[in-house]
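Trainee: The structure is given below, and queries will be raised subsequently.
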Amino acid sequence: MIRVQAADFDVGAELAGFAADDRAIGGICTFVGLVRDVAEGGAQVAAMTLEHYPGMTERQLEAIEAEARRRWPLKDVLVIHRFGRLEAGDRIVLVATAASHREAAFASCHFLMDWLKTKAPFWKLEHTGDGESWVAAKDGDDDAAARWDGADDGE
Amino acid sequence: MKILYFAWLRTKTGIGEEDVHPPAAVADVGALVAWLAARSPGHRAAFADLHLVRVAVNQDYVGLDHPVKEGDEIAFFPPVTGGAR
């Protein structure tokens, strides 16, 4: 399931309700992304505004979820991504994957984060003491996503 | 066609969205970019370095050679930076 929202989420409540009725699930892997208080150049980040492309964001995230399900035998997937103004320390993103075995849960959670960073249309505007600036994409993000090319199955 | 600009492309063009009706000769993304860039100094600045611009037609990523037509939704934006570091 994909959710794109301005509101914060409660990690405990989300996980308590996630895949709760499936007794074949052996493990759930989660990743929670936070707003760091330091920019790439070392400046102090007070807050950021996450802009996104409504419609395309959901469409791309659904495609990424479908790709993860194609690669691993997943029982369930949850991706929550926030947009709007976020303060340092705030939660940005939650990825949770449920599978019979841990390897699929770990690998698919990692894959989902790497892929959504390079494919989901979000842009970060950082607010620092010097003003505001758009965060540039890093080559490292493409490299992290590319490592999954050809790595078709985590089993 | 409906044109959308996000992040610094929106800042540079000064608009988030515009409806345009280019001549029929503008048949692919590359030709559309050249036509849009001539609309204002802000547009020209936004499209100055196409290596920094990503394009989606009807919400799917495409290249500069992808065809465009009346009724399409075409979005221009920088490489994405979602998720966490």
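The values are calculated or read from the model by the stated rules, or taken from the named source; none is laboratory data. Everything numeric here is computed off the predicted structure, so don't read it as measured data. A quick note on method: Cβ atoms are made from the backbone with ideal geometry, for glycine too, and the neighbour counts reach across all protein chains shown.
Trainee: Could you list, in sequence order, all residues of region A:37-93 that are in a strand (DSSP E or B) and more than 14 Å from every other protein chain (Cβ to nearest Cβ)? Let's see the steps before the verdict.
Mentor: Looking only at region A:37-93, we keep the residues that are in a strand (DSSP E or B), and these are A:38, A:44-52, A:74-82, A:84-87, A:91-93.
The answer is A:Q44, A:A46, A:A47, A:L74, A:K75, A:D76, A:V77, A:L78, A:R85, A:E87.
Trainee: Check region A:12-33 and report whether any residue there is of a type outside the set (K, R), in contact with a Cys (Cβ under 8 Å, 6 or more places away or on another chain) and either within 14 Å of another protein chain (Cβ to nearest Cβ) or free of Cβ contacts under 8 Å to residues at least 12 places away in the same chain (or both). Before you say what the answer is, go through the steps one by one.
Mentor: If we filter region A:12-33 for residues that are of a type outside the set (K, R), which is where we start, we get A:12-22, A:24-33.
Checking the rest, the ones that are also in contact with a Cys (Cβ under 8 Å, 6 or more places away or on another chain) come to A:29-31.
After this cut, where a residue has to be either within 14 Å of another protein chain (Cβ to nearest Cβ) or free of Cβ contacts under 8 Å to residues at least 12 places away in the same chain (or both) as well, the list is A:30-31.
Yes, some residue in region A:12-33 is of a type outside the set (K, R), in contact with a Cys (Cβ under 8 Å, 6 or more places away or on another chain) and either within 14 Å of another protein chain (Cβ to nearest Cβ) or free of Cβ contacts under 8 Å to residues at least 12 places away in the same chain (or both).
Trainee: Checking the condition more than 9 Å from every other protein chain (Cβ to nearest Cβ), touching a residue at least 24 places away in the same chain (Cβ under 8 Å) and not β-branched (V, I, T), which residue from A:D149, A:D141, A:D130, A:D114 passes?
Mentor: Values: A:D149 fails: touching a residue at least 24 places away in the same chain (Cβ under 8 Å); A:D141 fails: more than 9 Å from every other protein chain (Cβ to nearest Cβ); A:D114 fails: more than 9 Å from every other protein chain (Cβ to nearest Cβ).
Only one candidate qualifies: A:D130.
Trainee: Step by step: first the residues of region A:48-91, then only those that are at negative phi and among the small types (G, A, S), then the one that is modelled with the lowest pLDDT. Which residue is that? Show your work before the answer.
Mentor: Step one: filter region A:48-91 for residues at negative phi, giving A:48-54, A:56-83, A:85-88, A:90-91.
Now restrict to residues that are among the small types (G, A, S): A:63, A:66, A:68, A:88.
On the way: A:A63: 96, A:A66: 98, A:A68: 98, A:A88: 92.
Among those residues, the one meeting the criterion is A:A88.
Trainee: Scan region B:54-85 for residues that are within 12 Å of another protein chain (Cβ to nearest Cβ), assigned to a loop (DSSP other than H, G, I, E, B) and not basic (K, R) and jot them down.
Mentor: Within region B:54-85, B:N58, B:Q59, B:P78, B:P79, B:V80, B:T81, B:G82, B:G83, B:A84 meet the criteria.
Trainee: Taking the options A:A120, A:A96, name whichever one is out of contact with any Lys or Arg (no Cβ under 7 Å at 6 or more places or on another chain) and either of a type in the set (D, E, K, R) or over 22 Å from B:F76 (Cα atoms) (or both).
Mentor: Numbers: A:A120 fails: either of a type in the set (D, E, K, R) or over 22 Å from B:F76 (Cα atoms) (or both).
Selected residue: A:A96, the only one of A:A120, A:A96 that is out of contact with any Lys or Arg (no Cβ under 7 Å at 6 or more places or on another chain) and either of a type in the set (D, E, K, R) or over 22 Å from B:F76 (Cα atoms) (or both).
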